[in-house]
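The values are calculated or read from the model by the stated rules, or taken from the named source; none is laboratory data. What you see is a predicted model; the values in this text were computed from it and never measured. Here Cβ is always computed from backbone atoms with ideal geometry, including for glycine, and neighbour counts include all displayed protein chains.
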Amino acid sequence: MIVLGVILLIVGFVTGISILWTIGIILAVVGAALWVLGAMGHAVAGHRHYW
């Protein structure tokens, strides 16, 4: 999810499409939050680790 967010950020920046930029930021933040929760040992969406 983080990788997809970064890709959308880059594509949105290069093409000037602001909606891709916004979606990319949201995906990157959500992916980072899930990664941190999974690294701390909390179950995320029923899984012990979020990869």
- Query: Using beta carbons and a limit of 6 Å, which pairs, at least six apart or on different chains, have the first residue in segment 24-43 and more than 17 Å from L8 (Cβ to Cβ) and the second one loosely packed, with under 15 Cβ neighbours inside 10 Å and at pLDDT below 85?
  - Reply: G38/H49
- Query: Right, L37: in contact with a strand residue (DSSP E or B) (Cβ under 9 Å, 6 or more places away or on another chain) and either in a helix (DSSP H, G or I) or at pLDDT 85 or above (or both) or not?
  - Reply: yes
